[in-house]
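Take a look at the structure set out below.
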Amino acid sequence: MTDIRDDARDGFEAVFGHAPDGLWSAPGRVNLIGEHTDYNEGFVLPFAIDRRTVIALGARDDRRVRVASTFADELAEIDLDALAPQALDGWSAYPLGVAWAFSEFGADLGAVPGVDLFIDSDVPVGAGLSSSAAIESAVALALNDVWQLGLDRRTLARVGQRAENVAVGAPTGIMDQSASLLGQVDHAVFLDCRSLESELVPLGLAEAGLAILVIDTGVKHSHATGGYGERRAACERGAAAMGASSLRDLTVDDLPRAQQLLDDVTFRRIRHVITENQRVLDTVAVLRAEGASAIGELLDASHRSMRDDFEISVPELDLAVETAVGAGAIGARMTGGGFGGAAIALVKVDDLSRVQVAIDNAFGEHAFGQPDTFVVTASDGAARN
């Protein structure tokens, strides 16, 4: 963490010519289980990871906002009075979209000063670990502090989601920002995406001799592209046909009627969401009663549902999951929005090397690009550093 903080501070000084006023950071996240349930007002169980985005910020005495980063050469600049979703594009829509989104939650942007921002990150981009929410959450926390807006963390999560939905144009739910802002060491965040109530669920991985292995396939995905939006539209269509305001109102007992009413594709889409909601509830119960070593089959079932019913997996993700389980993982599933990105495997620490070697070998045999495998730990959420 020290290196990336130093890099962000040095980067700010190099671009803007003076030291920043402060540093803020926010983590990426792994979703343990509960995929595509968030925008259906369902349940999710993510945790913040030990990969973070750092924001170095300096206040200005005018109305300009300038943003630079380690992952783009250009400096983005706009006047606060010109901030609007249609004025934003590219990577800078994430941080500038957050600044704009505060105006949707009662902030008077006519009364705040401009800022200079520099962004550095070690959250992999496009891997399904929510590098976007890490940016949004770090910027939201920083601006909330500097502009003295006084919003709580649940509201800051909504600010980040609003930025991603409107300024970026990605129809994502509230999960990623909530995990990034509410996470805690060795805990998952059990979030009700309807009420936004959350509670921390102990994972106890280290005591159980377990680790979460991330398998980044290298297949890049983007939430702003069509597949994600099509899945969301199918969910809304299915809920409406069933007379429900959202799929949250349906249970597995409703599936026989749904199969009669809906076309096959729409039925399979909503079956994933309905059964995935139940798997989240079951996972929380099992974690509390038996511990993490007992959740493997729930992880496996979640992947099968995403592969077959929601159809958001890709061959590289399927190979990662199958190989990990075959090499001794307790359970595995793709994580994130799908169409690429990463899988996770719950692995005994003593088996990590064997699982990693097996995955490397399998990808080589299938002539896939070399995956990046690494262990993540459940970590604290966004903070001023």
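Since every read-out is calculated from the coordinates, none of them should be taken as a lab result. Quick caveat: nothing in here was measured; it's all calculated off a predicted structure. Every residue, glycine as well, gets a Cβ built from its backbone with ideal geometry; the counts of neighbours run over all protein chains shown.
Could you work out the pair-distance distribution P(r) of the range 132-202 from its alpha-carbon pairs, with 10 angstrom bin width and percents rounded to whole numbers?
Reading the bins upward from 0: 21, 51, 26, 1.
From the mean inverse distance of alpha carbon pairs (Kirkwood) and the Cα radius of gyration, derive Rg over Rh for the range 203-291. Let's see the in-between values first.
Values: Rg = 17.0 Å, Rh = 15.6 Å.
So for the range 203-291, dividing Rg by the Kirkwood Rh gives 1.09.
Span-like helices, the chain: DSSP H, alpha-carbon axial extent 27 Å or more, mean Kyte-Doolittle -1.0 or greater, which ones? Working shown, then result.
Numbers: long enough: 264-289 (37 Å, -0.05).
What comes out of the filter, once short or polar helices are dropped, is 264-289.
Over all distinct Cα pairs, what is the inverse of the mean 1/r for the range 315-385, reported as the Kirkwood hydrodynamic radius in Å? Intermediate values should be presented prior to the final figure.
Working: mean 1/r = 0.0770 Å⁻¹.
About 13.0 Å for the range 315-385.
Report the normalised scattering of the range 27-178 as log10 I(q)/I(0) at q = 0.18, 0.20 Å⁻¹, calculated by the Debye formula with identical scatterers on the alpha carbons.
-1.04, -1.29
The list (i) 21.2; (ii) 23.9; (iii) 22.0 gives values of Kirkwood radius over Cα pairs in Å, and only one came from this structure; which label was calculated from it?
Evaluating Kirkwood radius over Cα pairs in Å on these atoms matches (i).
Quickly rank 200-207, 334-341, 169-176, 132-139 as a protection proxy: mean count of other C-beta atoms within 10 Å, highest first.
Details: 200-207: 16.2, 334-341: 25.6, 169-176: 22.2, 132-139: 32.6.
So the order, starting with the most tightly packed, is 132-139, 334-341, 169-176, 200-207.
Compute the normalised compactness of the range 254-376: alpha-carbon radius of gyration over 2.2 N^0.38 Å, N being the residue count.
Taking the Cα Rg and dividing by 2.2 N^0.38 Å, one obtains 1.15.
How are the alpha carbon pair distances in the range 282-329 distributed across 10 Å bins from zero to the largest one, expressed in percent?
With 10 Å bins starting at 0, P(r) equals 24, 45, 28, 2.
Give the value in nm², to one decimal: projected area of the alpha carbon convex hull of the range 38-105, averaged over all directions.
Values: hull surface 27.8 nm².
Directional mean of the projected Cα hull area for the range 38-105 stands at 7.0 nm².
Which order do the peptides 52-60, 303-311 come out in when sorted by mean C-beta neighbours inside 10 angstrom, highest first?
52-60, 303-311
For the range 253-323 and the range 1-50, what is the separation of their C-alpha centers, rounded to whole Å?
Distance between centres, Cα-based: 28 Å.
Highest mean first, what order results for 34-45, 117-128, 244-255 on Cβ atoms within 10 Å? Write out the running numbers ahead of the final one.
Numbers: 34-45: 25.2, 117-128: 22.8, 244-255: 16.1.
The peptides rank, most packed first, as 34-45, 117-128, 244-255.
Using the C-alpha atoms of the range 1-87, what convex hull volume per residue, in cubic angstrom, is computed? Walk me through the intermediate numbers first.
Working: hull volume 13.1 nm³, N = 87.
Per-residue hull volume (Cα only) is 151 Å³.
Compare Gly150, Gly11, Gly331 in a GNM of the chain, Cα atoms joined below 10 Å, and give the one with the largest fluctuation.
Top of the fluctuation ranking is Gly150.
Grab the eigenvalues of the alpha-carbon gyration tensor for the range 99-253, scale each by 5, take roots, and send me the semi-axes largest first in whole angstrom.
Values: eigenvalues 144, 107, 65 Å².
Working from the Cα gyration tensor, I get semi-axes of 27, 23, 18 Å.
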